[in-house]
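Notes follow once the structure below has been shown.
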Amino acid sequence: MPDVASVPPYRAHLRCFRGCPGQFSVYEVIYSCPACGGLLEVQHDVDALRARSAADWRQLLERRAGTSSFPYGSGVWGMREWVMPDLQDEHVVSMYEGNTNLFRAERLGRAIGLPDLWVKLCGNSHTGSFKDLGMTVLVSVVKQMMASGGSPVRAVAAASTGDTSAALAAYAAAAGIPSIIFLPSGKVSTAQLIQPVANGAYVLALDTDFDGCMRIVKEITQDNSLYLANSMNSVRIEGQKTVAIEIVRQFDWEVPDWIVIPVGNLGNISALYKGLKLLQDLGIIHKLPRLVAAQAGKANPFYLSFCNGFRQKVAVQASRTLASAIQIGDPVSYEKAVQAVTASNGLVEAVSEHELANAAARADLTGMYTCPHTGVALAALFNLVERGTIARSDQVVVISTAHGLKFTSFKVGYHEGKLAEVESDLANPPIYLPADLQVVKETIARKLQL
Ligand SMILES: *Cc1c(COP(=O)(O)O)cnc(C)c1O
Ligand SMILES: [Zn+2]
């Protein structure tokens, strides 16, 4: 079988998601449609891609997965023809992201009466969240722009609830490109704050919330010397969509019945759908999983929109939630997410602080180490199984979006019983004892009920 190097390069460009005429280069500084102001998306030449058979594509991806030949060993760049086909090797900024474990959640699944449960551990990645998948693409595109000469771009910038900035700072540092980060002061975890600091980004902690940071960064990046790395930048979606393709590959090219994903700005669920749709267009899969968008009740605009039948977009002032990375009141990728949910016959769920914290703790007791956002997705899953919406025989994948190690104070607070609006049903605090053999023996006997 000839490798792709021997076929003409595929093409991709930006166009309006709502279908206004016109197309733009991926290497142009443009974030929204000049005609209607709506989101852009990267459009691939699907007809050209279809010239290669489904079986050939499957084989090609399998052959590359996890190898060390640059850049194909990256879970993202192993699919480069579907991601950013004309990006040159010397501009790829990769830390071999992707290829994350699809965790067989056997004990948790059995406990909730859902034997075929899997958790996609996207947080097992360079900076600890799925944001790496998008940032490798964005920073590579910027590197190619800057190398071409004539580009006004001098640095990259993003407003963030914590994980976007960690990923941007790391990839920018790897590329030697300056980065500027806008964080809502006091609203991200210590780990998330210190990650971009350590990577040399200019970190501006603003006295506002995420939506307030977003307004400022949008204004600042009007001047094209700063390239905007937020999820309204649709280039990131191309990397993030690989997670859907990777899941399908890990199931030997079969699709699960459901995928449950925690959502905030709604970029990731849009990406999930875009990856699945591409597989369908290429004849590699023949049905879609139903997508469940899970929100924290404290920041639930998408849930409210779903409840009104998506007749209109709802924006709210997001309240403080333990799931801080999805504390977003006015989601940017709303229209794309509506398509994802509608076209997949999916739905939206919202959960309480109590539910998300206890769901995370329950998963941890089966060997995982879940972040609060994964807790949101798990709690939504528990509710849907309980209500019978998800059948016990269904195969379900939960997207775990970040590593629990980034959220230590969430874990400590839970096990100390100190989280607001949460009863820590599964608290397991350390036991402080004198260094006395007898006391230690008695305590162990009591715990193990010997
Ligand atoms: C960014 C993020 C999300 C939400 O993704 P969106 O694309 O904003 O919907 C969920 N969980 C974690 C840990 C994140 O960092
Ligand atoms: Zn338009």
Select from region 300-321 the residues that are touching a helix residue (DSSP H, G or I) at 6+ places or on another chain (Cβ under 6 Å) and outside any loop (DSSP other than H, G, I, E, B) and list them in ascending order.
none
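List the helices (runs of 4 or more DSSP H) inside region 13-125, counting only whole elements, that have at least 2 residues being under 24 Å from the mean Cα position of the chain (by Cα) and either of a type in the set (Phe, Trp, Tyr) or more than 16 Å from ligand 1 (Cβ to nearest atom) (or both).
Numbers: elements: 46-50, 54-64, 80-83, 106-111.
Filter on region 13-125 gives 54-64, 80-83, 106-111.
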Members of region 246-276 that are more than 14 Å from the chain's Cα centre (by Cα), closer than 21 Å to GLU41 by Cβ and in contact (Cβ under 8 Å) with a residue 40 or more places away in the chain:
LEU276
Please identify the pairs in which a residue from region 27-41 that is among the small types (Gly, Ala, Ser) has its Cβ atom under 7 Å from the Cβ atom of a residue that is in a loop (DSSP other than H, G, I, E, B) and within 16 Å of ligand 1 (Cβ to nearest atom), counting only partners at least 6 apart or on another chain.
SER32/MET232; GLY38/PHE17
Those residues of region 132-170 which are under 21 Å from LYS274 (Cα atoms), out of contact with any Cys (no Cβ under 9 Å at 6 or more places or on another chain) and within 11 Å of ligand 1 (Cβ to nearest atom) amount to GLY134, THR164
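Against the definition (part of a helix (DSSP H, G or I), within 16 Å of ligand 2 (Cβ to nearest atom) and in contact with a strand residue (DSSP E or B) (Cβ under 8 Å, 6 or more places away or on another chain)), how does LYS406 come out, yes or no?
The answer is no for LYS406.
Among the residues of region 201-208, is there at least one that is out of contact with any Cys (no Cβ under 9 Å at 6 or more places or on another chain), without any contact (Cβ under 8 Å) to a residue 12 or more places away in the chain and surrounded by fewer than 16 Cβ atoms within 10 Å (Cβ to Cβ)? It would help to see each step written out before you state the result.
From region 201-208, those out of contact with any Cys (no Cβ under 9 Å at 6 or more places or on another chain) are 201-203, 205, 207-208; that's our starting set.
If we keep only those that are without any contact (Cβ under 8 Å) to a residue 12 or more places away in the chain as well, we get none.
No, region 201-208 contains no residue that is out of contact with any Cys (no Cβ under 9 Å at 6 or more places or on another chain), without any contact (Cβ under 8 Å) to a residue 12 or more places away in the chain and surrounded by fewer than 16 Cβ atoms within 10 Å (Cβ to Cβ).
Being surrounded by 24 or more Cβ atoms within 10 Å (Cβ to Cβ) and either at positive phi or β-branched (Val, Ile, Thr) (or both) narrows it down to one residue among ILE259, ILE247; which is it?
Numbers: ILE247 fails: surrounded by 24 or more Cβ atoms within 10 Å (Cβ to Cβ).
Just a single option satisfies the conditions, and that option is ILE259.
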Residues of region 396-427 satisfying the condition of being buried (at least 20 other Cβ atoms within 10 Å of the Cβ) and over 26 Å from ALA166 (Cβ atoms):
VAL396
Looking at the structure I just gave you, is GLN295 polar (S, T, N, Q), at pLDDT 95 or above, more than 16 Å from ligand 2 (Cβ to nearest atom) and buried (at least 24 other Cβ atoms within 10 Å of the Cβ)?
yes
Return the residue satisfying two criteria in turn: it lies in region 367-381 and is surrounded by 23 or more Cβ atoms within 10 Å (Cβ to Cβ) and out of contact with any Ser or Thr (no Cβ under 9 Å at 6 or more places or on another chain), and of such residues it is nearest to ASP116 (Cα to Cα).
LEU381
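Conditions (1) in contact (Cβ under 8 Å) with a residue 60 or more places away in the chain; (2) more than 11 Å from ligand 1 (Cβ to nearest atom); (3) part of a helix (DSSP H, G or I); (4) within 19 Å of PRO256 (Cα to Cα), marked per residue:
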residue	(1), (2), (3), (4)
GLY329	yes, yes, no, no
VAL332	yes, no, no, no
VAL338	no, yes, yes, no
ASN345	no, yes, no, yes
ALA350	no, yes, no, no
HIS354	yes, yes, yes, no
ALA377	yes, no, yes, yes
List the pairs whose first member sits in region 213-236 and is farther than 19 Å from PHE24 by Cα, whose second member is assigned to a loop (DSSP other than H, G, I, E, B), and whose Cβ atoms are under 7 Å apart, counting only residues at least 6 apart or on separate chains?
MET214/ASN230; VAL217/ASN230
If I ask for residues that are surrounded by 19 or more Cβ atoms within 10 Å (Cβ to Cβ) and at pLDDT 90 or above, which ones from region 210-219 would you list?
CYS213, MET214, VAL217
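Which of the residues spanning region 131-146 are basic (Lys, Arg) and in contact with a Ser or Thr (Cβ under 6 Å, 6 or more places away or on another chain)? Break it down into steps so the answer makes sense when it comes.
Of all residues in region 131-146, those basic (Lys, Arg) come to 131, 143.
Passing the criteria: only LYS131.
The values are calculated or read from the model by the stated rules, or taken from the named source; none is laboratory data. It should be emphasised that the depicted structure is a prediction, and the values quoted were computed from it without experimental measurement. As a convention, Cβ positions derive from the backbone with ideal geometry for all residues, glycine included, and neighbour counts pool all protein chains shown.
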